[in-house]
Amino acid sequence: MSGSQSSPQGPMLHADLDSFYASVEQRDDPRLRGRPIAVGGGIIMAASYEARAYGVSSPMGERIARELCPDLLVVPMRPKAYQEASKAVFAIFHDLTPNVEGISVDEAFLDVGGLLRLTGTPEQVGALLRRRVREEVGLPISVGVARTKYLAKIASAVSKPDGLLVVPHDGEEQFLYPLPIERLWGVGKKTSEKLHARGIRTIGQLAEVEYRALSDTVGKASGRHLFALTHLQDPRPVERGKRRRSIGSQRAFGPGRRSDAELDQILVGIVDRVMGRVRDGGRPGATVTVRVRFGDYERVTRSRTLPRPTMATETVLRVSRELLLGLRPMIADRGITLLGLTIGGLDASGATQLMLPLDPHQSGVLDTALDEVREKFGSGSVRRGVLVGEPEGFEVPMLPDERPRDGERRRP
């Protein structure tokens, strides 16, 4: 049985909590309200809108942020508080409609096409959603309403902070075409530079470019994607119960040099966390991706696909170390401010193939034992010796993976 279901396409809402981490901190501490604050330490993970007015953003080094905003207040991350707030907000989403597709802990798509008689128009649903999140959870949220996913997402971004914007069917071009090309999904720094070199700065200008010329400029895949979006083509429905395609974790830290031993220690902790989640979801993964952000905040990834999916910590740790080893010359030259790991190609069947020779002391036996201890006594009850006494650093909260439905296996 499939782990996700698509709802018939109707009016879309994109709901996005405003400056999520910072808003939770301001909600919980009245002394922070109305003041420029940032969440993190060493590296800014989130900034309030008061801080953004000074140019503070994420990711940014704390030293630079303080230079931009001398009155900046920096508070440490509280992942549990963010997870609890996210859970409360998603409970409101699901109370309004069963057709919810979570994107991250602070945003989701909702299909509200069937709520006209029950709740009201999509605009009324959006207003109700914003009011309930404010009253019941104490957080500001911006909502975009449109016919398609990407228009709704752009509308919520344009409406920020704490706004509601409806894009009518007969006003889509008037809304979209004056906006800068950077508003489109898939237009990052490199694509933007290529399009700017051709004098293309607005979505309207991009819509005038022929498909072949666009593909020659940005590549066939990106050209096809951008051509469809600029011509208002996005048939994707809201997928409720959609399971994650990958599971990952990352650790951010302040600028400065890190020894090979320190990086390996951080990597071990990340791999332990990720593989515990992989086994908890019962879906082995085949693609290991190591992600690094350098001291200049540029990012790079290195990936390797295994011969078969795995849930074994030691297997993934070995491959991750090899990938990180290849990046060490660049890290030595440019520094590092973030290290992350993702396991992709998750197999919904949960089945793993045994490898020969069969070892009676397989790491899977140890993995299972450690998982059971942590489930009973807490995630910090058992740690690798190399991690004892070491801080875990900043871990970005994530949406929980959807639990398997009836007929699916949770664990092998």
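The values are calculated or read from the model by the stated rules, or taken from the named source; none is laboratory data. Owing to the predicted nature of the structure, the values given are computational and were not obtained by experimental measurement. Counting neighbours? That spans all protein chains shown, and the Cβs are built from the backbone with ideal geometry, glycine included. With ligands, DNA and RNA removed, areas are computed over all heavy atoms of the protein, side chains included. Shrake-Rupley method; radii C 1.70, N 1.55, O 1.52, S 1.80 Å.
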Q: Any of Lys189/Lys220; Lys80/Lys189; Lys160/Lys220 with alpha carbons more than 25 Å apart? Name them for me.
A: Lys80/Lys189; Lys160/Lys220
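Carbon-plus-sulfur fraction of the accessible area of segment 244-355, 1.4 Å probe, in percent?
Numbers: 2320 of 4580 Å².
With neighbouring chains kept in place, the figure for segment 244-355 is 51 percent.
Near Glu50, within a Cβ-to-Cβ distance under 11 Å, what is the net charge of the other residues, with Lys and Arg +1 and Asp and Glu -1? Kindly include the intermediate steps, with their values, before the conclusion.
Numbers: positive: Arg33, Arg35, Arg52; negative: Asp71.
Local net charge: +2.
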Q. Which whole-number value in Å² is the accessible area per residue of segment 140-224, probe 1.4 Å?
A. 50 Å²
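Got a number for carbon plus sulfur as a percent of segment 101-212's accessible area, 1.4 Å probe?
Numbers: 2750 of 5510 Å².
Roughly 50 percent of what the probe reaches on segment 101-212 is carbon or sulfur.
Ignoring any ligand, DNA or RNA, what whole percent of the accessible area of segment 33-82 comes from carbon and sulfur when the probe is 1.4 angstrom? Intermediate results must be reported in sequence, preceding the final value.
Details: 1330 of 2420 Å².
Carbon plus sulfur share of accessible area: 55 percent.
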Q: May I have the pair-distance distribution P(r) for segment 201-284, computed from all Cα-Cα distances with 10 Å bins from 0 and rounded to whole percent?
A: 13, 23, 16, 26, 20, 0
Q) Ignoring ligands, DNA and RNA, what accessible area per residue does segment 277-344 give at 1.4 Å, in Å²? A) 38 Å²
(Q) Please compute the modelled spin-label separation between Thr301 and Thr121, points set 7 Å along Cα→Cβ, answer in nm with one decimal. (A) 4.1 nm
**Q.** Cα convex hull volume per residue for segment 68-125 (Å³)
**A.** 129 Å³
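How would you order 303-310, 146-153 from highest to lowest mean count of nearby Cβ atoms within 10 Å?
Working: 303-310: 15.5, 146-153: 22.5.
Per-residue Cβ counts within 10 Å, averaged per peptide and sorted highest first, yield 146-153, 303-310.
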Q.
At 1.4 Å probe radius, can you tell me the per residue accessible area of segment 1-107 in Å²?
A. 44 Å²
Q) With each pseudo-label sitting 7 Å past Cα toward Cβ, what's the Ala88-Met330 distance in nm, one decimal? A) 4.1 nm
